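Undergrad: Here you go, one structure.
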Amino acid sequence: MQWGSATEFFAMGGYGLYVWTSFGATALCMVWEVLAVWRRHASAALESHDRS
Amino acid sequence: MGINWFKYSSPQAFHPLAGKMIPWFSAAALVLIGVGLYIGFFVAPTDFQQGDAYRIIFVHVPAAWMSMFLYVVMAAWAGLGLGLNARPSFMMTQAIAPTGAMFTFLALLTGSMWGKPTWGAWWVWDARLTSELILLFQYIGIILLRASIDDLRRADRASAVFALVGVVNVPIIYFSVRWWNTLHQGASVSMTESKMAATMVTAMLIMMLGFWMYSFAVTLARVRCVIAERERQPSWGKNASIQEVAEAR
């Protein structure tokens, strides 16, 4: 373990902005994609239900 | 193996199978990414040259790998679809493209986040970066080409041809760091030697596996949407009249 405190952890040795932007953007994209597919699935299932 | 794979080559049979597999892939993705992040942030040491900026590798390399891997898989389905005239293959092509595009975008974004502190530039026009940018345009082109053609069968075939032709870019991206002098560093991991500490490599590989599982889960979920959406189209049914087909579009 190399982090003395939470502040140190979030600072990432001065590279915090770059590191957290990278991880944040990746997490955001993946969560957004899952939600988008979820919603698409819900509407597709709903409409095919209506037809039958 | 006693599994009849051909049974699952029809969308109607594949749909429930995909549904059963999605929770497993999702759970595997969550566990692997969780473990990968833990090792990446709390076990792997600070790099003596790049400081903690190197930790971007734990999303950058898996995203870049997935961008290329998904393209090859997508192109393989496209080729299969064209060769066998198989609908499910085209559906897979359609389902993979958005995820591939997303990972390409993330590879470029995290790359520039890494480039700024280490090279002093967000972006350079070198071979690796430029060919990866072209890959993003290819994905977008494939998605837009499909969207711009109303006839489903023609849309399938046109985007499949585009995907198949574009696969030539993947080896160019992969070998660009060897073929040309670039600012981008070479392969971080090779079969024979590794330039990184063991814990760094472990974290990266686990993250990569996690991204794989994520991609499987999300593309299977999307292909189920595609199947359901296409099933609504009367053209799929046996007795649809031309008028019904026209109305649905």
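What follows is calculated from the coordinates using simple rules that are stated; it is not laboratory data. These numbers come from a predicted model, not from an experiment. Reconstructed Cβ throughout: ideal geometry from the backbone, glycine too, with neighbour counts over all protein chains shown.
Undergrad: Can you run phi through the Karplus equation (6.51, -1.76, 1.60; θ = phi - 60°) for the stretch B:163-177 and list ³J(HN,Hα) in whole Hz, with x for Gly and Pro?
TA: For the stretch B:163-177, the Karplus curve yields 4, 5, 5, x, 5, 4, 6, 5, x, 5, 4, 4, 8, 4, 6 Hz.
Undergrad: Counting only other chains, and only Cβ atoms inside 10 Å, what mean value do you get across the residues of B:33-46?
TA: On the way: counts 3, 0, 0, 0, 2, 0, 0, 1, 7, 4, 2, 1, 1, 4.
The mean count of partner-chain Cβ atoms within 10 Å per residue comes to 2.
Undergrad: Same structure again: Describe numerically, in nm with one decimal, the distance between label points set 7 Å from Cα along Cα→Cβ at residue B:43 and at residue B:84.
TA: So the label points at residue B:43 and residue B:84 sit 4.0 nm apart.
Undergrad: Tell me, what ³J(HN,Hα) does each residue in the stretch B:86-95 have, in order and in whole Hz, if you take phi through Karplus 6.51 cos²θ - 1.76 cosθ + 1.60 with θ = phi - 60° and put x for Gly and Pro?
TA: 9, 4, x, 5, 5, 5, 5, 4, 5, 6
Undergrad: A follow-up question, please. For the protein assembly as shown, what does -39500 (n - 2.57) per DSSP helix run (n ≥ 4), summed and divided by total residues, give at 222 nm, in deg cm²/dmol to the nearest 500? Display every interim value, and only then the final one.
TA: Values: 10 runs with 221 residues, N = 301.
After summing the helix terms and dividing by residue count, I get -25500 deg cm²/dmol.
Undergrad: Averaged over peptide B:50-57, how many Cβ atoms belonging to another chain are found within 10 Å of each residue's Cβ?
TA: 6
Undergrad: Rounding to the nearest 10 and keeping the result within 0 to 90°, find how far the Cα-based axis of helix A:16-51 lies from the longest principal axis of chain A.
TA: 10 degrees
Undergrad: In whole Å, largest first, what are the principal axis extents of the Cα atoms in the stretch A:6-51?
TA: Extents along the principal axes, in whole Å: 58, 17, 7.
Undergrad: Test of understanding: ordering B:173, B:143 by Cβ neighbours within 10 Å, fewest first, what list do you get? All intermediate terms of the calculation are to be shown ahead of the outcome.
TA: Numbers: B:173 23, B:143 16.
Ranked by crowding around the Cβ, least crowded first: B:143, B:173.
Undergrad: While we're on this one: In which sequence would B:126, B:151 go, from the one with the fewest C-beta neighbours within 10 Å to the one with the most?
TA: Working: B:126 16, B:151 11.
Starting with the residue having the fewest Cβ neighbours, the order is B:151, B:126.
Undergrad: Also, I was wondering about something else. Using all Cα-Cα distances in the stretch B:94-225, what percent lands in each 10 angstrom bin from 0 up to the longest?
TA: Using 10 Å bins, I get a P(r) of 11, 32, 36, 17, 4, 0 for the stretch B:94-225.
Undergrad: Let me ask something else. So what's the convex hull volume per residue for the Cα atoms of the stretch B:71-123, in Å³?
TA: So the per-residue hull volume is 62 Å³.
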